[in-house]
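Here is the structure we will look at, set down as structure tokens.
Every number in this text was worked out from the coordinates using simple rules, so none of it is lab data. The structure displayed is predicted, hence computed values, not measured ones. Cβ: placed from backbone, ideal geometry, glycine included. Neighbour counts: every protein chain shown.
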Amino acid sequence: MEVDEAACIFASLLLNSVFKFITLYWINKKRRSEPVCVGEISSLYVYPVKSCAGIKVEEMDCTRHGSRTGAVTDRHWMIVDKNGKFLSQRKLPRLALVQPSITGNKLSLDAPGMNTLKLDILQPVNRDKIVKCSIWDVEVSAMSCGAEADKWFSAFLQRPDTRLVCAHPDITDCMRQLNKNLGTDPVLSYPKDQDVVAFADWAPFMLLSENSIADVNTRLSKKVEVRNFRPNFLVKDCGAYAEDSWHELYIGKETKFRNVRLGTRCTLTTVDPDKGEKDKDMEPLKTLRNYRLHPGCGDAPVFAINLVVDNVGKVCVGDKVFATMF
């Protein structure tokens, strides 16, 4: 009788524990699945030419191919070598000094000692100018921007046979599928077939918080700024690295994003955006490697998150950011 009573008590306690566990699990899951306000957009940036300076804007259209201001979409122009391989600040830090601007249907590029290069944004596709290019060993098609642009970049970089190409909307294979491009680490939410990117390294959008930059600056003798990290979205009113745990993001009236990957960082972060020179001490990369490494990423620290868009729309400075959590 005593054994039966003890067994009943044990069973009752076990069932009660299981019930509490399930209830807490459900509540926690429900909390993670409900968007909460996590911050506010403080700055927006578009980078028309891959690895060149950005343009600070007050609002942007968020398309499946990236952020857009006017008729210019983020990282839809790219510098390549004579073999079509992309070039960046990693090897050519002077690219940081190339400043784009937009006037009507013209994309203008300025750099020290150079006349302004003006490019037609809405030029029709020319099949005779389509060339094969490669980004991280993935082959894409692009359209040559012509001899004048090639000569301009070759002169500024003091590198013969440099070419400028663009991702024209009428060229079908200028986009890369993220699910064939991201690899496995540090992927947070596996991309879908419709998730594509033009010339950006990994994804159409990057988001970073002000306090993440502030935190790394507490560890540095020489401060860095947002231009070292080149995000599209800068967010305030959240904790340092809070963005790592955001899953689905809702910004503005209708735009929805997915966090697909932690942003791995390279020597590009060490380039002084005003001088076009790498930091001799390799900061902030060296410091980030001390505390922001991620399993599977080798010596590339993670800093910022890569996003894709599920619902396209407009995002403005001052918009609240709502997010669900992983």
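Brief remarks follow.
- Segment 231-272: proportion of alpha-carbon pairs further apart than 11 angstrom, %: 76
- Scoring 250-256, 262-268 by mean Cβ neighbours within 10 Å over their residues and listing the highest first yields 262-268, 250-256.
- Radius ratio Rg over Rh of the chain, counting only Cα atoms, Kirkwood formula for Rh: 1.09
- For the pair ASP61 and LEU157 in one chain, pulling the backbone fully straight at 0.36 nm per residue adds 31.4 nm over the alpha carbon distance.
- Using R0 = 30 Å, the C-beta based FRET efficiency linking GLU34 and ALA214 works out to 0.60.
- Too-long pairs where the Cα-Cα distance tops 27 Å, listed order kept, from LYS50/LYS280; LYS256/LYS286; LYS151/LYS278; LYS91/LYS192: LYS256/LYS286; LYS91/LYS192
- Gained length - ARG127 relative to CYS316, 0.36 nm times residue gap less alpha-carbon distance: 64.4 nm
- Taking amide H as placed 1.01 Å from N in the peptide plane, the amide H of GLY39 sits under 5 Å from that of VAL321, each at least 5 places away or on another chain.
- Peptide packing for 137-143, 110-116 was compared via the average number of neighbouring C-beta atoms within 10 Å per residue; ordered from the highest value, the list is 137-143, 110-116.
- What the Cβ-Cβ distance of SER108 and TRP136 gives, at R0 = 45 Å and to the nearest 0.05, is a FRET efficiency of 0.95.
- Computed about the Cα centre, the dipole magnitude for the chain is approximately 840 debye when only Lys and Arg (+1) and Asp and Glu (-1) carry charge, each at its Cβ.
- ALA304 long-range amide H proximity, modeled H, under 5 Å: GLY263
- For segment 198-207, the Karplus equation 6.51 cos²θ - 1.76 cosθ + 1.60, evaluated at θ = phi - 60°, returns couplings of 8, 9, 4, 4, 10, 8, x, 9, 10, 10 Hz by residue, with Gly and Pro reported as x.
- Relative contact order of the chain, defined on C-alpha pairs under 8 angstrom at six or more residues apart (%): 23
- Remark on LEU188: its backbone amide H falls under 5 Å from those of ARG261, LEU262, a criterion applied only to residues 5 or more positions apart or on other chains, H modelled at 1.01 Å from N.
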